[in-house]
Amino acid sequence: MALIEAINPLLTAGWTKGDAGWGIKDYEARGGYQALKRILAEKLTQDQVIAEVKTSVLRGRGGAGFPTGLKWSFMPKAAPEKYVVCNTDEGEPGTFKDRDILRYDPHSVIEGMIIAGYAVGAARGYNYIHGEIFEIYERFEQALAEARTAGYLGMNILGSGLDFDLFAHQGWGAYICGEESALLESIEGKKGQPRFKPPFPAQVGLFGKPTTINNTETFAAIPFVMRMGGSAYLDLGKPNNGGTKLFSVSGQVNKPGNYEVPMGTPFARLLEMAGGMRGGRKLKAVIPGGSSAPVLPADVIMECTLDYDSIAKAGSMLGSGAVIVMDETVCMVKALERLSYFYYEESCGQCTPCREGTGWLHKIVHRIEHGQGRPEDLDLLLDLGGNIAGRTICALGDAAVLPVQGMLKHFRSEFEYHIEHQRCLVPPDVQKAGSAFHTRMMAGAAC
Amino acid sequence: MLSQESLKRIDREVAKYPAGKQQSAVMAALRIAQEERGWLAGETIEFVAHYLGMPAIAAYEVASFYNMYDLQPVGKYKLTVCTNLPCALSGGVHAADYLKQKLGIDFNDTTPDGKFTLKEGECMGACGDAPVMLVNNIRMKSFMTPEEIEKLLAECK
Amino acid sequence: MLDLEIDGKTLQVAEGSTVIDAAHQAGIYIPHFCYHKKLSIAANCRMCLVQVEKAPKPLPACATPVTNGMKVFTHSDMAVKAQKGVMEFLLINHPLDCPICDQGGECQLQDLAVGYGDCKSRYQEEKRVVVNKDLGPLVSTDMTRCINCTRCVRFTQEIAGEMELGQAFRGDRAEIMPFIEKTVDSELSGNIIDLCPVGALTSKPFRFAARSWELARRQSVSPHDALGSNLIVQVKHDRVYRVLPYENEDINECWLSDKDRFSYEGLNSEERLTKPMIKQGGVWKEVEWNQALDYAAHALRDVAKEHGAAAVGALVSPHATLEEMYLAGRLMRGLGSRNIDFRLRQSDFSGHRAGVPWLGMRIAELNKLDRVLAVGAFLRKDQPLIAQRLRQAAKRGTQVSVIHSADDDLLMPLTGKLIAAPPQLPERLAQVAKAVADLKGAAFDMKVVVTPEARKIAESLVTGQNVAILLGNFAQQHAKAATINWLAQQLAEMLGCRFGFLGEAANSVGGYVADAIPDSEGLDAMRMLSEPRKAYLVHGAEPELDCADGQLALNALKQAASVVVLSPFKSAAALEYADAILPISPFTETSGTFVNAEGRVQSFQAVNRPLGEARPGWKVLRVLGNVLKLDGFDHDGSEAVREECLGGNGSGRPSLLDCLDNAISGVAVDLAAGSGQESQLQRVSDVPIHFADSLVRRAASLQRTRDAAAPTARMNAATLAKLGIAVGSPARVSRGGTPSILVAELDAGLADNCVRVAAAHAATTNLGAMTGAIKVEPA
Ligand SMILES: Cc1cc2nc3c(=O)[nH]c(=O)nc-3n(C[C@H](O)[C@H](O)[C@H](O)COP(=O)(O)O)c2cc1C
Ligand code: SF4
Ligand code: FES
């Protein structure tokens, strides 16, 4: 039986519990490394591989949804030294899919990265792994050793003349390193402070050389794209939104966990797969794409399908596919207070609007939550947001502002209540019950 | 300053990067140094910087930027609890409160016996398993209900 | 070229220009903090946000490349709103303590806040406080004012060459700091004060001394190294309060070395002389000028009469002005003596010079070199800003090699490096010459064995398009300086490249131009001391510290019947050997001229009145000439002296530029001469940056820097072991006379059997000559 519930499972089809099934033998038994072998045997050109990926309309799973094939095509052909980098710095609150991909199927990412290396002409790759998942990093290192022994990595791969080696780089606690240029700085042994763009990584990337960066899930999808063909992959999803995607469902549902569904699946279906609302309580709101995405109230999200376009139309983002589900026990001021703290804590400190602005935003929300809000605070929050968003070096500034804007758009009255009554709309005991810490036993959750 | 074993581990990290790019290994080297020494004193950071041929302040920038490096001594067991929103929705904050009460300390404090240090963590990328916590940065504990917390504390000898 | 439009103005800019470059070209000011033309782009302050047509959000002008047809609006609503937003963020955590801030009046934040800030703050939360850092004796910190623009961090990394500052922590906890318990020790550190756009980094010596708007700003020229950095000297009530760079792209760019910047403290030293003094019956007394001048004139004339004019000699500081040097020479010749020299630290005067030794090129041309061989150069400390220029060149790919007796970190990548004991230095240079000859198929008939490292240097040199060989102070002070000069000349000829001297002091070129050197009948500085004279005129120098052999100088001066010292300062040594001390003005109190290493004549005016009864040196010499009734001492201003000296007004003297020539001939080259001494311990001596002249020696804050640490005995591990001396333990260093007890230090960069002991310090005067054999034992 599959480890998790899924519709049309590709990425998760081979997932099995515990230590079974992640190794190279099992991966090969599932058809793993076939795509790579075929590319090498049939001597597909780099352009052919890129064309296939373009056809699939595989959009980057890291959050921005940028078409992967197009990104690869930006890599300069002639450059002698190039890199492929995988972004497993999964730190966006709500997102936990990449960890499971590396836990249950690390070779899919390795194969995807080798194919990418082949397509863009890079001989070296790095996988940047989130600091907090050290056990996963160790497993990935084991998988790399397996792949090296099996001849998939190193010089002259499978006798084809292709050289590609891959290494893991462990992060150590900085959300900002998920931002691709901060990640590159971090691999270079520096603080993770994002670089100003242009130049983009495809021109000046790791160690100053052209670099392609993709999310773990993006790379994991590549072998499937190549195996089934670009158009078949596209057809799994919906136009402009190829394939299946992993959704990390967290919060107040009965079975939090990862669910793989085709792009375009109704949100309601996902909620059902996640076991419905915990304790049968009422859905209040959902943050559909990781903590940086604006919150959507229940009625809006229930009308959405899970793809870039539908969620964007509803005023939020699909982002990394992290679905944070909140029921009526949640105080939205408190929720925003915690998120604002996160962006304040994680700002790299480099550019003025983010360094100073995230702290200010948090201080105001904190005051409101603690009964010291002022009526003018809400407009101040929006105005400051306007002075941060779009004015920073990287998108963390925007990421800090979007949740504020979303909350004030849909739940302004709760904030006003706080300011007026100097207390929370949701009674403390109700909030406490909502977390289920004191009532929930081990059972229930997925995996 | 660092043991041969640690230096060997650092050398293995250095080998992952192109020639002359040994600074790339600074994060790993500091992690390894911290593991051996318990925390990163100034002289430890300086040693690592020296070993990798980089300015000490550049290594300090790194050590102070990433929040899993400890620039102050910590207890034998450092417990980091994720309290971010997705975790909080499933008890992250309450698990932290439980630990605070149990250990009689607040975040960033160490128990008088030097055994436990409690830290507030940011998203660990495991929100589906909430409450989650890290033990000494590297061991992740999932679904930390009161019983599981008790079990963990009992395991920490 | 790219076309663009800024605020309606159309213009053309070069490919690769940024919007801020273009705006500057169009004379449009865009507010900014982190941007600095000499530093890498950080784009972190976000003050320079402007509107660009078709861009959905404002873009930072400092980092946005111009594209063809771009339309930029720096004052549109979008731009101004963005700029105001940034200003608000910058101010929320700023202490707004302008009334007690030294930056007040010259603060970019203050200036821009007037234009872009709001009068009322919307920020009602608690402000951040950042603890101050100890950056050493020169730079004071108020870190709460820091706006994290990282200019200072980038300066240390990029210009000074060593990352001594960083931005630690993250978010709004980010702090600019040196490594734990470290200070900023670069010889260029003071520039971070200028770079800091707010009052976070200010001058420690200047702290709270005056408000910037109370100070008059006067232009001047630095009297220290051979660069002749351009200065703005700030004065109030006839006292110098601060020195800042006067930007001159051809010379110091926008930088100053710490020596240039902080030596002004010496001007106010307690050792300043304010009255003429004469010693009678062994007792010093202050006298009126006419009395002192009479005394001095008689003293010199009497000796000349009694013992012949050749019994009189003049030692002139290479930091003296051209006018002073010239008149000192005239004075000596008027007395009938031909003994005058300013080359006080030189010991080898052999060979025939074709002209005035100089850099061999323009300073700005250093940036364009693609191969450099520096011979005998303590580059960083002797010419900090030339080192900086070469560092930037090296970053762009210039291959720099060195031949030297020390291996101090130049903070730039080196292509090749030959480190040898001083006697072997000429042989190493000959190796490179031989290797070049081999590669070029040229003739070079000296018997040397080419080592691989020499070959590597040669290979680098022969592949260059724009090559130079630069001889440093150590090479000039070397016991075989003429041989080194000659070898460099041979090498340069084979390579078809230039060679030149980095130059010891502010007027090392000027000294030749002013004829402050002996003719073939006169005695050079070394011989005037080794063949003691009966009377000396000492101008601006402290011979016990400024000469090649301080002990020899001391002995010679002590035995003389009369020593007339012209100096801004009094010193214990001078009080012992002199019988007349005439207070002359330091550079700030006189007009004068320096001719820098590239032969550039830079004249300056006094910035304030002389202290007490001190008088400009040229005037004192002129009046001395009058008292001695010599001809031609009737100049009515320093300009007249300069004109006469530089060949204006039909004086018949050749023009300066025609005189510049580094060629030497008639040198007896004997490379074997150095061999056989290998078993002897050899002294390597540097002149530490803050000991190099009488003014900087008295600059209190500079004397507290690491660069001014007391001399030690530095040796490599093998030498230490051989002598049985532990690092950190006292060593007895001697040269026949009184020994010095110096702390032994490890210097892995030295060759075997070398001991590095700094010169120019009272603790090492007794060790005599700067080069040669020396004895070291455990103390
Ligand atoms: C603040 C910030 C955090 C990010 N975190 C992640 C992350 O954890 N994982 C990730 O894959 N992408 C993250 N991204 C997006 C990356 O910058 C980049 O777009 C992505 O890795 C590209 O991969 P893709 O094209 O496969 O999506 C983040 C971006 C920002 C601005
Ligand atoms: S937006 Fe924030 S995280 Fe991004 S570069 Fe600026 S300060 Fe750093
Ligand atoms: S001057 Fe452009 S961002 Fe600072």
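Can you give the percent of C-alpha pairs in the stretch B:4-65 whose distance is more than 19 Å?
Working: 359 of 1891 pairs.
Percentage above 19 Å: 19.
Please give the contour-minus-distance gain from C:SER679 to C:LYS629: 0.36 nm per residue of separation, less the Cα-Cα distance, rounded to one decimal in nm.
Length difference between fully extended and current span is 12.4 nm.
If I model a spin label at C:GLN25 and C:ALA709 as a point 7 Å from the Cα along the Cα→Cβ vector, what separation in nanometres do I get?
Those two pseudo-labels are separated by 4.8 nm.
Given A:PRO9, A:CYS354, C:ALA309, which one lies farthest toward the positive end of the charge dipole of the protein assembly as shown, if we put +1 on the Cβ of every Lys and Arg and -1 on the Cβ of every Asp and Glu?
Farthest along the dipole direction, towards plus: A:PRO9.
For the ranges C:161-167, B:74-80, what's the packing order if you count other beta-carbon atoms within 10 Å of each residue, average per peptide, and put the highest first?
C:161-167, B:74-80
May I ask which of B:LYS76/B:LYS119; C:LYS534/C:LYS570; A:LYS191/B:LYS141; A:LYS334/C:LYS127; B:LYS119/C:LYS133; A:LYS197/C:LYS368 have a Cα-Cα span longer than 19 Å here?
Cα-Cα > 19 Å for C:LYS534/C:LYS570; A:LYS191/B:LYS141; A:LYS334/C:LYS127; B:LYS119/C:LYS133; A:LYS197/C:LYS368; rest within.
Amide H to amide H, which residues 5 or more places from A:ASN127 or on other chains are under 5 Å from it, using H placed in the peptide plane?
Those qualifying (amide H under 5 Å, at least 5 residues apart or on another chain) are A:CYS86, A:PHE167, A:ALA168, A:HIS169.
For a 26 Å ceiling on Cα separation, which of these pairs sit above it: B:LYS21/C:LYS434; B:LYS115/B:LYS151; A:LYS17/A:LYS255?
Among B:LYS21/C:LYS434; B:LYS115/B:LYS151; A:LYS17/A:LYS255, the Cα-Cα distance tops 26 Å for B:LYS21/C:LYS434.
Peptide A:94-100: average number of partner chain Cβ atoms within 10 Å per residue?
Shielding by partners across A:94-100 averages 5.
Which order do the peptides C:660-669, C:338-347 come out in when sorted by mean C-beta neighbours inside 10 angstrom, highest first? Kindly include the intermediate steps, with their values, before the conclusion.
Working: C:660-669: 15.9, C:338-347: 26.2.
Listed from highest to lowest mean packing, they are C:338-347, C:660-669.
At 0.36 nm per residue, and after removing the present C-alpha to C-alpha distance, how many nm does the segment from C:GLU214 to C:ASP408 gain when stretched out fully? It would help to have the intermediate numbers written out before the result.
Working: separation 194, 0.36 × 194 = 69.84 nm, distance 4.20 nm.
Extending this stretch completely gives an extra 65.6 nm.
For A:ALA312 paired with B:SER3, estimate the spin-label separation in nm (one decimal), with each label point 7 Å from Cα along the Cα-to-Cβ line.
Modelled inter-label distance: 5.4 nm.
Over the residues of the stretch C:659-777, compute the C-alpha Rg and express it relative to 2.2 N^0.38 Å.
1.21
Give a quick list of chymotrypsin sites (Phe, Trp or Tyr not before Pro) in the stretch A:62-107 that DSSP marks as loop, anything other than H, G, I, E or B, with at most 16 other Cβ atoms within 10 Å.
Sparse-neighbourhood loop chymotrypsin sites (Phe, Trp or Tyr not before Pro): A:PHE74.
Along each principal axis of its Cα atoms, how long is the stretch A:166-307 end to end? Whole angstroms, biggest number first, please.
Cα spread of the stretch A:166-307 along its principal axes, largest to smallest: 52, 37, 27 Å.
Over 20 Å intervals from 0, what percent of Cα-Cα pairs in the protein assembly as shown sits in each interval?
Using 20 Å bins, I get a P(r) of 9, 32, 31, 19, 8, 1, 0 for the protein assembly as shown.
Can you run phi through the Karplus equation (6.51, -1.76, 1.60; θ = phi - 60°) for the stretch C:465-478 and list ³J(HN,Hα) in whole Hz, with x for Gly and Pro?
9, 9, 10, 8, 10, 10, 9, x, 4, 4, 5, 6, 8, 5
Say R0 is 22 Å: what FRET efficiency, to the nearest 0.05, do A:ASN254 and A:LYS282 get from their beta-carbon distance?
E(calc), rounded to 0.05, equals 0.95.
Once both labels are modelled 7 Å past Cα along the beta-carbon direction, what's the B:LEU153-A:GLU81 spacing in nm?
5.3 nm
Taking every pair of alpha-carbon atoms in chain A, what share in percent sits in each 10 Å bin, from 0 to the bin with the longest distance?
5, 21, 31, 26, 13, 4, 1, 0
Check the straight Cα-Cα distances from C:LYS71 and name the aspartates and glutamates below 18 Å, setting aside those fewer than 8 residues away within the same chain.
Counting by Cα, and skipping residues close in sequence, C:LYS71 has these aspartates and glutamates nearby: C:ASP3, C:GLU5, C:ASP7, C:GLU15, C:ASP21, C:GLU53.
FRET efficiency for C:ASP97 and B:ASP109, Cβ-Cβ distance as r, R0 = 41 Å, nearest 0.05?
So the FRET efficiency works out to roughly 0.75.
Given the peptides C:311-319, A:128-136, C:535-543, C:397-405, arrange them by the average over their residues of other C-beta atoms within 10 Å, most packed first.
My ranking of the peptides, most packed first, is C:311-319, C:535-543, A:128-136, C:397-405.
Looking only at other chains, what is the average number of their beta-carbon atoms within 10 angstrom of each beta-carbon in C:44-53?
Working: counts 11, 4, 12, 1, 0, 3, 0, 0, 0, 0.
Taking the mean over all residues of the peptide, I get 3.
In percent, what relative contact order does chain C have, based on Cα pairs under 8 Å that are 6 or more apart in sequence?
Dividing the mean separation by the residue count of chain C yields 13 percent.
Which whole-Hz ³J(HN,Hα) couplings does the stretch A:248-259 yield from phi under the Karplus relation 6.51 cos²θ - 1.76 cosθ + 1.60, θ = phi - 60°, glycine and proline marked x?
Values, residue by residue: 8, 9, 10, x, 8, 10, 6, 10, x, x, 8, 9 Hz.
Report the extension gain between C:ASP445 and C:LEU657 in nm, rounded to one decimal, defined as 0.36 nm multiplied by the number of residues separating them, less their alpha carbon distance.
Stretched fully, the C:ASP445-C:LEU657 segment lengthens by 73.0 nm.
Any chance you could list P(r) for the stretch B:77-155, counting all Cα-Cα pairs in 10 angstrom bins from zero, rounded to whole %?
Calculated P(r), rounded to whole percents: 21, 60, 18, 1.
With the contact rule set at Cα under 8 Å and sequence spacing of 6 or more, what percent relative contact order holds for chain A?
The value is 16 percent.
Once R0 is set to 25 Å, what does the formula 1/(1 + (r/R0)^6) return for the Cβ-Cβ distance between C:ARG362 and C:ALA14, expressed as a FRET efficiency to the nearest 0.05?
Numbers: r = 23 Å, r/R0 = 0.92.
With R0 = 25 Å, the Cβ-Cβ based efficiency is 0.65.
Could you work out the mean count of beta carbons from other protein chains within 10 Å of each residue's beta carbon in B:138-149?
Averaged over the peptide's residues, the number is 4.
Using θ = phi - 60° and the Karplus curve 6.51 cos²θ - 1.76 cosθ + 1.60, what whole-Hz ³J(HN,Hα) does each residue of the stretch A:156-161 get, with Gly and Pro shown as x?
6, 4, 6, x, 8, x
Quick note: the coordinates plus some simple rules give every number you see, no bench work behind them. Predicted model only: the values in this text are computed from it and were never measured. Here Cβ is always computed from backbone atoms with ideal geometry, including for glycine, and neighbour counts include all displayed protein chains.
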